[in-house]
Amino acid sequence: MKTTGAAENNMRHLHLHNYKIEAKGIKKKIIYQFSDVHLTEYDHLSDEKEKESAISFTQIWIKQRLVFADNHGDPYNKEELQTARAYFAELLAAANEGDVLVMAGDICHDLSGANLRALDADMKNLQIPYMYVLGNHESIDDIPDGHLLEKAKAPVQILELEDMLIFGLDNSLQTVTREQNETLRNALLGEKPLLIVMHSPITTEGNKADIERYGGHFRFNYEGAPEEVLEFVEILKQNASKVLAVLAGHLHFASDSEIAPGLMQYVSSQGVLGHINRFEIGD
């Protein structure tokens, strides 16, 4: 079940997408999801190259975010558009009202020094558990040791809650490995159901036409994809009853589609326009 509308209270610039996932045996939880904020920051520590790059990509995203929204009919208020950083702060504030936050990649346009400092400054106010999976714009090599994103370097992240697992998969390069698939299989052998979080979404019958409009950049499980990718999708289909849902990003438009009977995929629209998904999961 889904409803869509503007966020309330002090988060009036956000577009809130509400979903309910029925799941017996799970205590009711509110989980927020967003992606594709594309922070393009510079600060007093930035050198001239970093500053020029940030200014250039800021201008690109000011225009490009509206192109995606117009192409897919995603709502926005042109009179009250915010910067990516301002949206990020509001998205985090909204998520703090829930139980868990998952960030499905490309929160930063790149992991520059200034963007990492922006993450440090803004995410310190988070009071709930969170998971951050990398997007195609975010390189593992740019994450310093000891940084709050260090967990995102792992091919798989698992956030264990009392009655479910949040399984974060790095598929930012539009592929997966045999080792990631094996970790998924092992997790599915346990008693707790899984919520899968990744950046690049699975192409389904429901979203195929939209994805194909944009060519190879958005394809994951395309015909001729690596064997491991197709195997990953098959593992999910064969274990649909153990997977609560798949949460992804990357497309820059909202997309809800069925991977297999009873298994839904929810792709968050662009955080750079203030879109955020809210899931009520459980009894």
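The values are calculated or read from the model by the stated rules, or taken from the named source; none is laboratory data. Every value quoted in this text rests on a predicted model; they were computed, and no experiment measured them. Every residue, glycine among them, receives a Cβ derived from its backbone with ideal geometry; neighbour counts consider all protein chains shown. Just the protein is used for accessible areas: all its heavy atoms, side chains included, with ligands, DNA and RNA removed. Shrake-Rupley method; radii C 1.70, N 1.55, O 1.52, S 1.80 Å.
The table for this structure:
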item: Residue match in the range 214-234 (condition: loosely packed, with under 15 Cβ neighbours inside 10 Å and under 18 Å from Tyr19 (Cα atoms)); result: no
item: Within the range 189-213, tally of residues that are open to solvent by 10 Å² or more (accessible area, probe 1.4 Å), in a loop (DSSP other than H, G, I, E, B) and among the hydrophobic types (A, V, I, L, M, F, W, C); result: 1
item: Some residue of the range 106-125 being open to solvent by less than 30 Å² (accessible area, probe 1.4 Å), outside any loop (DSSP other than H, G, I, E, B), small (Gly, Ala, Ser) and touching a Cys at 6+ places or on another chain (Cβ under 9 Å); result: yes
item: Looking only at the range 29-79, and only at residues there that are open to solvent by 40 Å² or more (accessible area, probe 1.4 Å) and touching a His at 6+ places or on another chain (Cβ under 6 Å), the one that is farthest from Pro193 (Cα to Cα); result: Phe57
item: Only one of Ile128, Ile166, Ile158 that is at pLDDT 95 or above and either more than 18 Å from Phe232 (Cα to Cα) or of a type in the set (S, T, N, Q) (or both); result: Ile128
item: Pair list, Cβ under 7 Å, 6 or more apart: the range 65-94 residue touching a residue at least 40 places away in the same chain (Cβ under 8 Å), other residue of a type in the set (Ser, Thr, Tyr); result: Ala69/Tyr76; Asp74/Ser269; Ala84/Thr40; Ala94/Tyr32
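Residue-wise test of (1) under 19 Å from Lys237 (Cβ atoms); (2) in contact with a helix residue (DSSP H, G or I) (Cβ under 6 Å, 6 or more places away or on another chain); (3) in contact (Cβ under 8 Å) with a residue 12 or more places away in the chain.
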residue: Leu116; (1), (2), (3): no, no, yes
residue: Leu134; (1), (2), (3): no, yes, yes
residue: Ile140; (1), (2), (3): no, yes, yes
residue: Leu173; (1), (2), (3): no, no, yes
residue: Arg178; (1), (2), (3): yes, yes, yes
residue: Glu182; (1), (2), (3): yes, no, no
residue: Leu195; (1), (2), (3): yes, no, yes
